[in-house]
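The block underneath contains the structure these notes are about, expressed in structure tokens.
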Amino acid sequence: MKKLRSQEWYGREGRDGFVYRSWMKNQGWPHDLFDGRPVIGVCNTWSELTPCNAHFRELAEFVKRGVWEAGGFPLEFPVMSLGETQLRPTAMFFRNLASMDVEESIRGNPMDGVVLLMGCDKTTPSLLMGAASCDLPTIGLSGGPMLSGKFHGRDLGSGTGVWQMSDEVRSGKMKMEEFLEAESCMNRSKGHCMTMGTASTMASMVEALGMSLPGNAAIPAVDAHRNTLAQLTGRRIVQMVQDDLCMSKIVTREAFENAILANAAIGGSTNAVIHLIAIAGRIGVPLKLTDFDQLGSSLPCLVNIQPSGKYLMEDFFYAGGLPVVLRELGEASLLRRDALTVNGQTIWKNVTEAPCWNRDVIHPFSEPFKAHAGIAVLRGNLAPDGAVIKPSAASPQLLQHRGRAVVFESIEEFHSRINDESLDIDESCVMVLKNCGPRGYPGMAEVGNMMLPAKVLRKGITDMVRISDARMSGTAYGTVVLHVCPEAAMGGPLALVHSGDKIRLDVPNRSLRLEVSEETLARRQSEWRPPTMPERGWQRLYVEHVMQADKGADLDFLVGRSGAQVARDSH
Ligand code: FES
């Protein structure tokens, strides 16, 4: 085997070799572990403040078991962990920061390959982005979804159930005591959100990209199979190092196309659009917003999981998981069958005989769960650089709609006015929220699925057209237009919308138009003033350099990869 990268540290003689090895020996490692065997970094996003990843120290032990078995030397290291439900102003604000931590931790340390332990929403893209910029042999392992939530005899999906029940409380259909009781029933085991939210979507993307062993997306966190997968992952990365199977050989254009197809077929999160574009930017694969529409929007949704359907990830696992979906896509001649995966096999070889055990959970391509899925990309004078909507989570009758805009200039204004009974709004209106994009919030928070006014909910109405430069939780639903580019804080047309303007949404024709004259818009543009810049710190760096959602909301100077070489020694 060729001399490994870690030997630039541990294979040295003299003072430098002494320094690199000797301090490691304070952990009790015998001298022969530095003999040139593959050193495997286990990149861990464990944190008690990231409850979805709180079991990762245990999971890492199974990975390490596999690494030892295969003759490698595992070394676990922490990176910034992003807890979706805990971090303010939004975990997305820190995705790029965490990716820098990952990239520099990998590059700066003596490892030959890396296992990425990912779970909660932003922990997956941040690790993939950082690892892509280094391009070592890399394998992903998701932490797995929670068991299904259970409340009063029915399933309760994380996230999705919160939005549903809070609307029921506000419309008077649910008592506050019941709502409080449900809080203790929703999230009842280790793992990440068990709906097809962003975490499960991104775990599916990891598998569809070929970056994990088959089965990664759906095995529940507490199922013994998850630990088995961890151990096999540990074994596999050692061989990947020996084969020099680096990340850029896996995440090719074909792999991204498979991810887009899979995202449509699972009814996946709109957040996958931003994350996949950002990962592609790091590894150097051209990927555009329009690719999602061209490749995915004519596909049916096969998977009957919340928020598009009724089941949960535990059911998806029992039905056969993502391999069944990929097999369906392959049999429909859509899957890029020759895309290589981390186990050294093509994706088609991995899934060609995947059995399905429940056709109500995973429908066949010939009898889909929903005829139209994927992400529709809208353009028009309100979104010159694009906006997205997830038709499978929207109300069909609202996909073509013209209505009067009711504008909220900020999330604070929205919260202060939405339940005001005197607010001039009804179900035919279009709710518009500004200044929640990458720069404006900052961090592009998941506030695009604005709650409906209580007086509309009381009429039994559960959906209205909503438009913003924000994102939406993958667990949410509704006729919600997101990621409007350019965002309001950049002076995009969204900034120029006034209450009372008419907006026309036409999803079948991919159009989003503000019906206001050019002269009026020009006048409003000349009156628009940009928000003040943050004074210092990460917020300043982020706002100065973050790109728009159609470019993946990465920092402009992080795009691309620079490999894993570090020429200089530390002493
Ligand atoms: Fe972590 Fe949903 S809050 S995955």
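The values are calculated or read from the model by the stated rules, or taken from the named source; none is laboratory data. Small disclaimer: the values here were computed from a predicted structure and weren't measured. Cβ: placed from backbone, ideal geometry, glycine included. Neighbour counts: every protein chain shown. Please note that ligands, DNA and RNA were not included when accessible areas were found on the heavy atoms of the full protein model with its side chains. Shrake-Rupley method; radii C 1.70, N 1.55, O 1.52, S 1.80 Å.
Suppose the filter is surrounded by fewer than 24 Cβ atoms within 10 Å (Cβ to Cβ), on the phi > 0 side of the Ramachandran plot and without any contact (Cβ under 8 Å) to a residue 60 or more places away in the chain; does GLY500 pass it?
Values: surrounded by fewer than 24 Cβ atoms within 10 Å (Cβ to Cβ): yes; on the phi > 0 side of the Ramachandran plot: yes; without any contact (Cβ under 8 Å) to a residue 60 or more places away in the chain: no.
So GLY500 does not fit the description; no.
Among MET450, MET431, MET472, which is of a type outside the set (Phe, Trp, Tyr), free of Cβ contacts under 8 Å to residues at least 60 places away in the same chain and in a loop (DSSP other than H, G, I, E, B)? Quick ask: steps written out before the conclusion?
On the way: MET431 fails: in a loop (DSSP other than H, G, I, E, B); MET472 fails: free of Cβ contacts under 8 Å to residues at least 60 places away in the same chain.
Among MET450, MET431, MET472, only MET450 is of a type outside the set (Phe, Trp, Tyr), free of Cβ contacts under 8 Å to residues at least 60 places away in the same chain and in a loop (DSSP other than H, G, I, E, B).
Considering only segment 1-40, state which residues are part of a loop (DSSP other than H, G, I, E, B) and of a type in the set (D, E, K, R). Can you show your working first?
Taking segment 1-40 first, the residues part of a loop (DSSP other than H, G, I, E, B) are 1-6, 11-13, 23, 28-30, 35-38.
Of everything in segment 1-40, those that are part of a loop (DSSP other than H, G, I, E, B) and of a type in the set (D, E, K, R) turn out to be LYS2, LYS3, ARG5, ARG12, GLU13, ASP35, ARG37.
Applying the set (1) more than 24 Å from GLY268 (Cα to Cα); (2) of a type in the set (Val, Ile, Thr); (3) under 30 Å from the mean Cα position of the chain (by Cα); (4) open to solvent by less than 60 Å² (accessible area, probe 1.4 Å) to THR520 leaves exactly one unmet item: (3).
For segment 51-70, indicate whether the set of residues that are within 16 Å of the ligand (Cβ to nearest atom), open to solvent by 40 Å² or more (accessible area, probe 1.4 Å) and at pLDDT 95 or above is non-empty. There is at least one residue in segment 51-70 that is within 16 Å of the ligand (Cβ to nearest atom), open to solvent by 40 Å² or more (accessible area, probe 1.4 Å) and at pLDDT 95 or above. For ASN109, all conditions in the list (1) farther than 30 Å from MET240 by Cα; (2) more than 21 Å from the chain's Cα centre (by Cα); (3) at pLDDT 95 or above hold save one; what is the number of the exception? Here ASN109 meets the rest and fails (1).
Picking from residues in segment 71-98 that are among the hydroxyl-bearing types (Ser, Thr, Tyr) and either in contact (Cβ under 8 Å) with a residue 40 or more places away in the chain or within 30 Å of GLY36 (Cα to Cα) (or both), the one that is least open to solvent (accessible area, probe 1.4 Å) is THR90.
Considering segment 99-205, there are no qualifying helices (runs of 4 or more DSSP H) wholly inside with 3 or more residues that are within 11 Å of the ligand (Cβ to nearest atom) and open to solvent by 10 Å² or more (accessible area, probe 1.4 Å).
Do you know which residues across segment 264-304 are of a type in the set (Gly, Ala, Ser) and touching a Ser or Thr at 6+ places or on another chain (Cβ under 6 Å)? Explain how you work it out, then say what you get.
Step one: filter segment 264-304 for residues of a type in the set (Gly, Ala, Ser), giving 264-265, 267-269, 272, 278, 280-281, 284, 296-298.
Correct list: GLY267, GLY268, SER269, ALA272.
Candidates GLY144, GLY172, GLY140: the one that is in contact (Cβ under 8 Å) with a residue 60 or more places away in the chain and either farther than 30 Å from ILE106 by Cα or acidic (Asp, Glu) (or both) is GLY172. Across segment 523-550, the qualifying residues are those that are open to solvent by 80 Å² or more (accessible area, probe 1.4 Å) and among the acidic types (Asp, Glu), and the one among them that is farthest from HIS483 (Cα to Cα) is GLU535.
Looking at segment 349-370, is at least one residue under 27 Å from the mean Cα position of the chain (by Cα), surrounded by fewer than 24 Cβ atoms within 10 Å (Cβ to Cβ), of a type in the set (Phe, Trp, Tyr) and not in a loop (DSSP other than H, G, I, E, B)? No, every residue in segment 349-370 fails to be under 27 Å from the mean Cα position of the chain (by Cα), surrounded by fewer than 24 Cβ atoms within 10 Å (Cβ to Cβ), of a type in the set (Phe, Trp, Tyr) and not in a loop (DSSP other than H, G, I, E, B).
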